[in-house]
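The values are calculated or read from the model by the stated rules, or taken from the named source; none is laboratory data. From a predicted model like this one, the values you see are computed outputs, not experimental measurements. Glycine gets a Cβ as well: all are built from the backbone with ideal geometry, and neighbour counts include every protein chain shown.
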Amino acid sequence: LAPDLGLEIGRSKFHRERQSQESMKLDVDENKIIWPGNTKEKPQGYMIPTELKVLTIEEKPFVYTEKIENVVECDKKLGRWPCPWYNTTGEGEQLYCCFGYCIDMLIELSNKINFTFTLALSPDGEFGAIKRRDETGKKEWTGLIGELVNQTNGADMIVAPLTINPERAQVIEFSKPFKYQGITILEKK
């Protein structure tokens, strides 16, 4: 009901014989709803995956890495997560355990928001910058940012101590910062 607009979009019914939360029913006439964008057409929405591919990069103390021979060497109960490195130079896959503040934060997020994830290290070992490629002079993102923007390997998210700058903010969405880089210069009086 929207009485101030004189518009009824639905009716609620309460059944007295059943005093439970299931006894309330709301019928909505979607044809009377004005959706965002001032349209009567219901938005399609989008599917949010529950299995995310997350990329990270070694940057102590936020993310530590330890080379391993087998993924069973990583103990998820201790926050040590398998994070393979798929080398861009063609040397194949190398196995690592990742742990530290960012990994702990990712695990906590996955528990609270209810998603699962696979973790991998940045293929080119870079955070991400705009660089000119080849003789065409075309600018492309490298590193973690490039993986997310170009969807080269299907990355859904980055968890890393990544500096927020205007160029990066134009192509990806950031969470609230958890790492501040306040540089101070001290001088003798």
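Numbers at a glance
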{"read-out": "So Glu91, is it surrounded by fewer than 13 Cβ atoms within 10 Å (Cβ to Cβ), modelled with pLDDT of 80 or more and either among the charged types (D, E, K, R) or part of a strand (DSSP E or B) (or both)", "value": "no"}
{"read-out": "Restricting region 32-88 to residues that are of a type in the set (Phe, Trp, Tyr) and touching a helix residue (DSSP H, G or I) at 6+ places or on another chain (Cβ under 9 Å), the residue that is nearest to Gln151 (Cα to Cα)", "value": "Trp81"}
{"read-out": "Cys98 vs. criteria part of a strand (DSSP E or B) and in contact (Cβ under 8 Å) with a residue 24 or more places away in the chain", "value": "yes"}
{"read-out": "Enumeration of residues in region 96-114 that are surrounded by fewer than 18 Cβ atoms within 10 Å (Cβ to Cβ) and on the phi > 0 side of the Ramachandran plot", "value": "Asn114"}
{"read-out": "Complete set of residues in region 55-85 that are surrounded by fewer than 14 Cβ atoms within 10 Å (Cβ to Cβ) and touching a residue at least 40 places away in the same chain (Cβ under 8 Å)", "value": "Lys60, Pro61"}
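Every residue, every condition in (1) on the phi < 0 side of the Ramachandran plot; (2) hydroxyl-bearing (Ser, Thr, Tyr); (3) in a strand (DSSP E or B), yes or no:
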| residue | (1), (2), (3) |
| --- | --- |
| Tyr64 | yes, yes, yes |
| Lys131 | yes, no, yes |
| Glu135 | yes, no, no |
| Val149 | yes, no, no |
| Pro161 | yes, no, no |
| Ile164 | yes, no, no |
| Glu167 | yes, no, no |
